[in-house]
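Since the structure comes first, as structure tokens, the remarks are kept for the end.
Where a number appears in this text, it was derived from the coordinates with a stated rule and is not lab data. Since this is a predicted model, take the numbers as computed values, not measurements. Positions of Cβ are backbone-derived with ideal geometry, glycine not excepted, and every protein chain shown enters the neighbour counts.
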Amino acid sequence: MNFNTIDFFLFYAIIFVCFYLLKAKYRIYLLLVASYYFYLTWSPEFIILVLFSTLIDFFIGKKIYLSQNKKAIFWLRMSILCNLALLFTFKYYNFFGDVFFRLTDIELTKSSLPLPIAISYYTFQTLSYSIDVFRKKVVPEKNIIRFALYVCFFPQLLAGPIERSNDLLPQLSFNKDYDYDSVSKGLIIFAWGLILKMAMADRIAPFTKTLYSNPDFFDGATHLLGAYYCAYQLYGDFGGYSLIAIGIAKTFGVKLSMNFSSPFYSSSFSEFWKRWHMTLTSWLKDYIYFPLGGSRKSLLNTLRNIIIVFFLSGLWHGANYTYIFFGLFFAIGFCLEVIIKHFFKLSRIPVLSVFIVFNVCALSQVFFRSAKISDSFLIFRKIFGDFNFKSFVSNNLFSYENMYFALVMITIIMLVDLYNYISERSALEKLYQSSAFVKWNFYLLMSIVILFFGDWGAKDFIYFYY
């Protein structure tokens, strides 16, 4: 049941109406049942894994809190082991089995288990809870129903944002009355997310799908354009999902974390990763980068920590060499930036810096979108050695639907992002504070774009399978 389908709109409308008709104490049960039902429509055979992860960390969290020193460390290790065992078994077993075979020539039995949807998200969320309990940042949750909803809250279950327990758990009491401002703002954010997904990302999708399904057929100029379009597609798809999740949650009185903030205007790699998939970046920084020492020690240690974090970030995205190279590609850029800052005091030229960061982001999509690492290297060879403009202009991929409408939407969305980047208030917040005439005309325009220009092919969100 995708967010961009009539089925989901009906599901959401029923849950929303029932939520505000019920007494406050029953709302959490409604949302928990709705969240489990929502997951069952996607991956019914793996609901047991969600329940397992919930129960393990709920009870281990209590054990950690009540234990001292070595016993607390033991229970924390149990939590880490259980969560990583889930990830390894269902996501990484075959990949590391292949690596082991290449190193030792010993072939392990292949697993036929499919990848459970959302496993990377809810395991990271429960794992952060156990670590925070161990660090005494939070006290363990006493109500298992509330903790279960923290793990599987349906707006952000499938692709984040990755929430922290101290932010999300206190909001799951649902004792506030219906708030018109909160609901209306949530619906505006929801609609804007649908526009990013349906009117931009899904319009680009046929072009990038054709391009990467047969990379040998196209020239370097087409692949370079494809890298730019992939960057916008991923932003529209994942950024759109995040906004939809934030908007839906807001209508229930829950504030989720921002996940994207005008990333393509970043003038450094550090700024980019503070604006792109912000909750994953924050998670990796707090639970891996800082425990490794962060940037507190020598330059070499800092560079080592950066490479480890980006290697793990790439691996988190998927069990494929392409994702590892995707992470390491950014690690190189980040390390070069740190080295330059360490040895030279250069004044940053904003426009040039933005251009460089955006182009590195676009080129990283070659790794991210390729099915095989050999395809990635083939595409790079074409980009830097087969720049055939004649083939580029005559390419039959350039239909109106695939290219020009998407370009219009990219321009509009990037202008909105520019306003968000330079303004203290977001464009949507500014809109909400406008006159009723301006607001309702813009609502009408958003509805028209979604209904008549959005792609209603119910395409899955890209990050559902990471």
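Structure above, values below:
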{"read-out": "Lys/Arg +1, Asp/Glu -1 at C-beta; the chain dipole; positive extreme among ASN166, HIS223, PHE334", "value": "ASN166"}
{"read-out": "log10 of Debye I(q)/I(0), alpha-carbon scatterers only, for region 89-230 at 0.09, 0.10, 0.15, 0.19 Å⁻¹", "value": "-0.54, -0.66, -1.06, -1.14"}
{"read-out": "Approximate spin-label separation LEU103-VAL360, in nm, with each point projected 7 Å along Cα-to-Cβ", "value": "2.9 nm"}
{"read-out": "Charge-dipole axis of the chain as Lys and Arg at +1 and Asp and Glu at -1 on Cβ define it, positive-most pick from SER313, SER130, TYR404", "value": "SER130"}
{"read-out": "Equivalent ellipsoid semi-axes, region 105-152, via Cα gyration tensor eigenvalues times 5, rooted, Å", "value": "32, 15, 8"}
{"read-out": "Amide N proximity, region 187-210 versus SER447 label position 7 Å along Cα-to-Cβ, cut-off under 20 Å", "value": "187-199"}
{"read-out": "Debye, to nearest 20: dipole size of the chain, +1 on Lys, Arg Cβ, -1 on Asp, Glu Cβ", "value": "1580 debye"}
{"read-out": "Cross-link partners of LYS91 among lysines (Cα-Cα below 19 Å; sequence separation of 8 or more within a chain)", "value": "LYS110, LYS372"}
{"read-out": "For LYS341, LYS382, order by how many other beta-carbon atoms lie within 10 Å, fewest first", "value": "LYS341, LYS382"}
{"read-out": "Packing rank of 197-209, 216-228, where each peptide gets the mean count of other beta carbons within 10 Å, highest leading", "value": "197-209, 216-228"}
{"read-out": "Dipole magnitude of region 21-175 about its Cα centre (Cβ charges: Lys, Arg +1; Asp, Glu -1), debye to nearest 20", "value": "800 debye"}
{"read-out": "Segments 62-68, 259-265 sorted - mean Cβ within 10 Å per residue, highest first", "value": "259-265, 62-68"}
{"read-out": "Protection proxy ranking of 330-337, 150-157, 292-299 - average other beta-carbon atoms within 10 Å, highest first", "value": "150-157, 330-337, 292-299"}
{"read-out": "Reciprocal mean inverse distance between Cα atoms of region 21-175 - Kirkwood radius, Å", "value": "16.7 Å"}
{"read-out": "Calculated volume of the Cα convex hull per residue in Å³ (choose from (i) 145; (ii) 172; (iii) 160), label", "value": "(ii)"}
{"read-out": "Top positive-direction residue, dipole computed over the chain with Cβ charges, set PHE59, PHE344, TYR232", "value": "PHE59"}
{"read-out": "Potential lengthening between ILE422 and ILE373 on full extension [0.36 nm per residue; Cα-Cα distance subtracted]", "value": "13.8 nm"}
{"read-out": "Space enclosed by the convex hull of the alpha-carbon atoms of region 275-318, per residue, Å³", "value": "66 Å³"}
{"read-out": "Net length gained if the chain between LYS110 and TYR432 were fully extended (0.36 nm per residue, minus Cα distance)", "value": "110.5 nm"}
{"read-out": "Reach of LYS185 by Cα under 14 Å, taken over aspartates and glutamates that are not fewer than 8 positions away in the same chain", "value": "GLU429"}
{"read-out": "At least 15 Å along the helix axis (C-alpha) and Kyte average at least 1.6, DSSP helices within the chain", "value": "6-21, 47-66, 350-369, 405-422"}
{"read-out": "Label-point separation in nm, TYR178 to THR41, each point 7 Å along Cα→Cβ", "value": "2.3 nm"}
{"read-out": "Set of aspartates and glutamates with alpha-carbon distance to LYS341 below 13 Å, sequence-local pairs under 8 removed", "value": "none"}
{"read-out": "Estimated dipole of region 232-344 in Debye, rounded to 20 [Cβ of Lys and Arg +1, of Asp and Glu -1, Cα centre]", "value": "300 debye"}
{"read-out": "Dimensions in Å of region 172-314 - Rg and Dmax from alpha carbons", "value": "19.1, 59"}
